[in-house]
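Comments concern the structure below.
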Amino acid sequence: MLKGMARPKSNDKRNAIMNAAVRVIVSHGLGASTAAIAKEAGISNGSLFTYFQTKADLFNQLYLELKTDISSATLKGLSANDDLRTQMLHAWTNWMDYAAAHPEKRRAMAQLNVSDDITPETRAAVYKNMAPLITLMEKTRSQGAMKDAPANIAGALITSLFEATMDTVIQDPVHARSHSKTGFEAFWRVIG
């Protein structure tokens, strides 16, 4: 390799950093050091900065990826030809399955969601990536019991119902499907 040429970045190392960041955020919070993340990823602290300029850059990229992953998982297999209730049940079930399969990602996302390090640009990119899901939610809300309520109140209710259902699913995985259905029915009565 010629002197001064940067080494090509490895997707495996980048993924290891992102996965390590999730684990470290869950165990140590957002104040955890980049050295702790690098150690968890099995790389040097300096190598971490080959992939991310700053800790805030890492957190922004992680937040965007986590939100994009959950949006993609939630919308997977969704048919626009189905009625709204069927579409929402499909999205709810996918969302629940994703969160149950990735509890650490869910906990890390919750912390990143309230972080001052997440920039308005990143939040806008998340909003853009989640637009199909947001549109479905808004369409459901606008035709249902919450049609006259502000969208932010409906969004807070949706989040609260999801979080309560998810907590129950995690605490009692044997009855996860039943809990998911019960949570959806509550959601539908409030929003649909």
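Does L89 satisfy being at pLDDT 95 or above, out of contact with any Phe, Trp or Tyr (no Cβ under 8 Å at 6 or more places or on another chain) and open to solvent by 30 Å² or more (accessible area, probe 1.4 Å)? Outline the logic, then answer.
Details: at pLDDT 95 or above: yes; out of contact with any Phe, Trp or Tyr (no Cβ under 8 Å at 6 or more places or on another chain): no; open to solvent by 30 Å² or more (accessible area, probe 1.4 Å): yes.
Against the criterion (at pLDDT 95 or above, out of contact with any Phe, Trp or Tyr (no Cβ under 8 Å at 6 or more places or on another chain) and open to solvent by 30 Å² or more (accessible area, probe 1.4 Å)), L89 does not qualify.
Only one of the numbered conditions (1) in contact with a Leu (Cβ under 7 Å, 6 or more places away or on another chain); (2) among the small types (G, A, S); (3) exposed (fewer than 12 other Cβ atoms within 10 Å of the Cβ) is violated by G77, and that is (1).
Among the numbered criteria (1) among the polar types (S, T, N, Q); (2) under 27 Å from I170 (Cβ atoms); (3) open to solvent by 30 Å² or more (accessible area, probe 1.4 Å), which one does Q53 miss? All conditions are met except number (2).
If you go through the range 147-171 and keep only what is open to solvent by less than 30 Å² (accessible area, probe 1.4 Å) and not in a helix (DSSP H, G or I), you end up with just A149.
All of V174, V114 fail the test of being free of Cβ contacts under 8 Å to residues at least 12 places away in the same chain, closer than 23 Å to E65 by Cβ and open to solvent by 70 Å² or more (accessible area, probe 1.4 Å), apart from V114.
Only one of these is surrounded by fewer than 16 Cβ atoms within 10 Å (Cβ to Cβ), touching a helix residue (DSSP H, G or I) at 6+ places or on another chain (Cβ under 7 Å) and over 25 Å from I134 (Cα atoms): N15, N11, N45. Name it.
Answer to the check: N45.
Within the range 92-111, being touching a Leu at 6+ places or on another chain (Cβ under 8 Å) and open to solvent by 40 Å² or more (accessible area, probe 1.4 Å) holds for K105, Q111. Among the residues making up the range 133-146, those that are in contact (Cβ under 8 Å) with a residue 12 or more places away in the chain and surrounded by fewer than 15 Cβ atoms within 10 Å (Cβ to Cβ) are E138, K139, Q143, A145.
Scanning the range 119-131 for residues that are touching a helix residue (DSSP H, G or I) at 6+ places or on another chain (Cβ under 6 Å) and within 26 Å of I191 (Cβ to Cβ) turns up A125, V126, N129, M130.
The values are calculated or read from the model by the stated rules, or taken from the named source; none is laboratory data. Everything quoted here is computed from the prediction, not taken from an experiment. Counting neighbours? That spans all protein chains shown, and the Cβs are built from the backbone with ideal geometry, glycine included. We work out accessible area using only protein heavy atoms, side chains counted, and drop any ligands, DNA or RNA first. Shrake-Rupley method; radii C 1.70, N 1.55, O 1.52, S 1.80 Å.
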